[in-house]
Each structure stands twice: as C-alpha cells, then as structure tokens.
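The values are calculated or read from the model by the stated rules, or taken from the named source; none is laboratory data. All figures in this text were calculated on a predicted structure; none of them were measured in a lab. Neighbour counts run over all protein chains shown; Cβ positions are idealised from the backbone, glycine included. What goes into the accessible areas is simple: the full protein's heavy atoms, side chains included, and nothing from ligands, DNA or RNA. Shrake-Rupley method; radii C 1.70, N 1.55, O 1.52, S 1.80 Å.
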Amino acid sequence: MQAPWFPIVLIRGFAASKSDIEGAVDQAFLGFEQGSTKTRQDSNGAIRPFFFESVVVRLMKDHGYDPSYRSNLPGYETDERVDWRSIWLHRYYDLASSTYDGERLPLEDYALDLRRQILKIRDKVCGADAAARRAFKVHLVAHSQGGLVARSYLQKICRQEPYVGDPALDLRSGSLVASLFTYGTPHNGIEFLGQNVPDLGPISVLQTRNFNRKVIRGYLGLGDGPKGQPKEARDLDGALEVDRTFCIIGTNWKDFDQPSKHLTGELSDGLVMCSNAYTVDDSGPQRRHSPRAYIARAHGGPLGMVNSEEGYQNLRRFLFGDWRVDVDVRLDAIRAPDNVVTRLKDKQTANTNYVLDVIATVRGQQVRLHERRNETASGVRFPAAYTKTADNRLIDFIAPEIGPDGQPKGQKDYDPQRTAASLYLMSPLSAETGQGNAMEFALQLSLENPVFEIDRRFWLDEHIQGVSAVNELLHFRIEPATGAVLVRHGGQGQGVATPVDAVTDPGMQAAREGFNGVVRFGPADNASLPSGGARGRVFLKVYRRKVLD
C-alpha cells in the first residue's frame, strides 16, 4: 500500500465529569460518528435539509476506509489481518469508566497507551511482512485534548527516557506517524477571562490542569529555549514537521452549548481561544507556523467543528491532497478618508484597525474551507495611524501587521509559514467533475472601512458600517501542466497572475512542481488612490506537495 492511505487513528477530546466519561465510553466512535443537519433554501424558496453524515461515514464512502471496529479492542489476539485503509479509535477513557472500576490517569499514560495501540495496528495491518512494516505509519486525527495526547506521544514518549529504552515500545522504528490533524486543540492552553487555567495539583479532580501551560510543557517534555526562557506550550520542538500538521480553528463561540463560552467570548470557539489553537516549531533558526484553517464553527455540539462539512473537507484534502496553495496579502498603502483628514487638527493622530476578510472556497463545495472575517474577530488586522501633515494623506503603518493570534506578521518578503490562508487541493476530485486535472478555487478579499479613533474616542459622525476600501473576488483555475489562470469575477482592481516555471524557495523541495504568482489590487500608484481607498498585492505559492509518506 502506498502513501498516503495509512490507517487513521481517531482521538477524542476532554471529558470533565464522571458522567461525561461514561458518555464518552458509550460512543462507538468517540463522537466522530456524529453528523449534522443544516437547512438551505432551494431555487423555489423551499427549505431543504443539508446533511453531513459524519467523519467516519464520509471516510468510508469517499475514500474506501473500513472502520474495522471489531479490531479496535476485541479481536487483537486473532490472526485476522486488517486493510491499510482502516479507522481505529484510541479509547483512552475506557479504563477510567465504572465498567473497569478505574480512575483517571495522567495524560502521559494516555500517550503511552497510544504507542502500544499503534504497534498493535502495525501487527494487524502488516503481519510479518518486513517491507510493509518498514513503510507503516498512521494518521492521527484528534479533537481538543486528543491533540495534546498525540503531541505528548510525539514529543515525550517517542523521545525521552525511560520510554525510548523500553524494547516493548520499539521506539527505534520511530514515531510511525505520517501526520497530525487537530480540531480545536488548545495547543497553548485554555484561558478563561484572559487567565490561563490554574494548576490545582491533586485537588484538580476534573484534570483541568491538563490545560495549564506549565503542566502542558511538562507532559510534552518541553524544556527551555536557547535564551533560557521556557519554550511555548504550542512548540512542536522538531518532533513532527510543521507541514505534517494541520490545525482547525473555530470562530463560532456563540453556538457552543457549554457555559465556558461566557468566559471566552469572541476570538474563540467557545472554549479555546483562536490564538491558542495552532502549533509552531521553534527548533530551527526561524519560527515556522503550522498550516491552519479558520471555520465558522463551535468547539463542539450540534454546530461543532468535528461534525461539519468544513472540517471534513479540510481533513481529506490535507491527508490526501496532491497540491497546496499558500496565500499572503499585503496592503501597500491606504489613503485616509477625506472626512477624517478634515476632522483632524494639525499634528493630531487618528488610530484605527483595518481588518481584512479572507474567504477561500473550492469548486464543487457549498461550504467555505477557510473563513477569516472581521465579524468573527478572526480577520487579518492591520493597525494603522495617520498624523495630519500638509503634504501627506496616506496612512503609514506604524505598527507591524498583526494576525488574529496577536503575533506580528511583519513586512518581510513572502513567507509561506505566515499566510492568510493555506489550501490543499485534490486533482482526482477535479477529474470526477469532468474538468480533467484542472483545480479551481476562489479568494474573496474584503477590507471594510473602519471606525477611526481620535483623541481616544471613536469618531462615528460620518462612518457608514459596511462600506469597503477593498472588495475583490478572485477565481483561479490551476492547470498542472501550464500554471494558473486567473479569472476576476468582481472587484475594484485589475491584475493577472504571473506564474513562474520553477519554485526556488528553500523551504520547498526542488522536485515539487508549482509557481509563484502575484495579483495586484487597487490603483497602480498612491497618487491615484481615492478617499479611503487601498492598494496591495496577493501573493500565491501553488505547488505539488510531497506525499505524506
């Protein structure tokens, strides 16, 4: 069996109370079998149901995976072989249920048990076939705390004593992990009312201490960085390439059906803050960010990210997609609205935040794979200030460009690790639509005119909500043999993609095919900017990605 069709291990999230644990144990597929129903209006105005059948069912139907349920716990002792395209469950809460009269275990124990399970899966899939055993790996797909269990396995169990010295764990063969996909995992802990949850030690009956950053660093085996400072809890620390990870970040905090949403509010999925839901790697000379997607879904419940089409479409494309698109957007200049300039006194400064909406969709899907919007507090922020002078009516960016994670984006050359969107595409899906191997996606960019702050007061006298400085809809058709074709459906600017035959970026392998593209929007120069107008560039890197082997 060739990559990337490896067995998939599903890892559920946190269960707080004893009754929550019992409920988790009673779920055959740990909640990954739960689907959802939404409604849409058809052309006649009638309301029609729109079903998502669950991650498990869709992996079966779309990609031929077998749940192999009889092999997840019972049946390990048999000689029955299981196909590579199989779905497995890491049921780490089972032994804490009343069925076994068990108690909660430290998170490292859940991670250690994950290693034992992966070895059992290898035996069931490969048997004694030496070549198959050398090629064997798994995909880890985890929700919430499950992602921390997976990281504890990768970052501590696979790399530190006494685990690496245990012959029963066969850690000489490596982690046996091809990729890690997380839904709403608190990679950098959980915060309520702006404070990280405390470590209550032995009295933390519900084990909420698992989300304290100091505790996380402990069960991940993270030490200090080169400057003696503790490494961030989100740091993969070289245990798995960032390109082999993908993080789903939810932005719909209002529809999470738990009280925690009142303690997180905006900038969260109702439990995990957006800024804590992704990983980085600081093990090299430059920080690298994992690819991620923002979706308008809650942490869990009927409108949760796991039982959503948006989450699933990102999952399947990350695991099996053969192309990747990285998108970066730069604002080169913004002209202050004339009414703001008139309002300002000499040398007085107006401050504001321009927030760029970036929405990505692909052909054949009714959902948005990536959605960063001002409305959900997940857009790309451009803090700006304008000081009135006699000859300057352009806003200068006096603060670095800031993402929704609060980290400075900078004005450096294009950096594929700091992107407004990362998309994965599958050419076989394009063939199924009758389009050969041509892949199509669209980017919607919208920069709403913000409210200006003058003398620390919001100035609303002439502000109209919803008026945009930028409104672009770009449609790309990727022909693997010839490059990209840009089709502009609407917007205020003009431009074409400029493909490059070879990609020379040091972060990519020379064998990957692809191109760099730049699309300019807005007027050609600053002198042509209208009142409140903006100009900038969309950077694209489109390349055939290395198979997750």
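Name the residue that is farthest from H139 (Cα to Cα), counting only residues in the stretch 230-247 that are of a type in the set (D, E) and not in a loop (DSSP other than H, G, I, E, B).
Looking at the filtered set, the residue picked out is D235.
Quickly run through the stretch 1-40 and pick out the residues that are in a loop (DSSP other than H, G, I, E, B) and touching a Lys or Arg at 6+ places or on another chain (Cβ under 7 Å).
W5, F6, L30, G31
Give me a count of the residues in the stretch 297-336 that are within 21 Å of P450 (Cβ to Cβ) and open to solvent by 20 Å² or more (accessible area, probe 1.4 Å).
Going through the stretch 297-336 one residue at a time, the tally reaches 2.
Can you name every residue in the stretch 262-276 that is over 16 Å from the mean Cα position of the chain (by Cα), more than 20 Å from A15 (Cβ to Cβ) and open to solvent by less than 30 Å² (accessible area, probe 1.4 Å)?
G265
Of the residues G165, G146, G127, which is surrounded by fewer than 21 Cβ atoms within 10 Å (Cβ to Cβ), of a type outside the set (A, V, I, L, M, F, W, C) and in contact (Cβ under 8 Å) with a residue 40 or more places away in the chain?
The conditions single out G127.
Where in the stretch 84-188 are there helices (runs of 4 or more DSSP H), lying fully within it, with 2 or more residues that are farther than 29 Å from D26 by Cα?
By residue number, 130-135.
Condition check: at positive phi and either in a strand (DSSP E or B) or modelled with pLDDT under 55 (or both). Does G410 satisfy that?
yes
Of all residues in the stretch 258-288, count the ones that are within 15 Å of A233 (Cβ to Cβ) and not small (G, A, S).
So the count comes out to 9.
If I filter the stretch 356-370 down to residues being in a strand (DSSP E or B) and open to solvent by 20 Å² or more (accessible area, probe 1.4 Å), which single residue comes out as farthest from F452 (Cα to Cα)?
T361
Can you tell me which condition W253 does not meet? The list is (1) under 30 Å from Q286 (Cα atoms); (2) buried (at least 19 other Cβ atoms within 10 Å of the Cβ), and all the others hold.
(1)
Going by the conditions given, is G238 free of Cβ contacts under 8 Å to residues at least 24 places away in the same chain, on the phi > 0 side of the Ramachandran plot and open to solvent by 10 Å² or more (accessible area, probe 1.4 Å)?
No: the conditions fail for G238.
From the list W5, W88, which one is open to solvent by 20 Å² or more (accessible area, probe 1.4 Å), aromatic (F, W, Y) and at pLDDT 90 or above?
Sole residue among the options that is open to solvent by 20 Å² or more (accessible area, probe 1.4 Å), aromatic (F, W, Y) and at pLDDT 90 or above: W5.
In the list V500, V496, V485, which residue meets the criterion of being under 28 Å from the mean Cα position of the chain (by Cα), assigned to a loop (DSSP other than H, G, I, E, B) and either at pLDDT below 80 or aromatic (F, W, Y) (or both)?
Residue meeting the stated conditions: V500.
So which residues in the stretch 91-122 are among the aliphatic types (A, V, I, L, M), modelled with pLDDT under 90 and either open to solvent by 20 Å² or more (accessible area, probe 1.4 Å) or under 20 Å from V138 (Cα atoms) (or both)?
L95, L105
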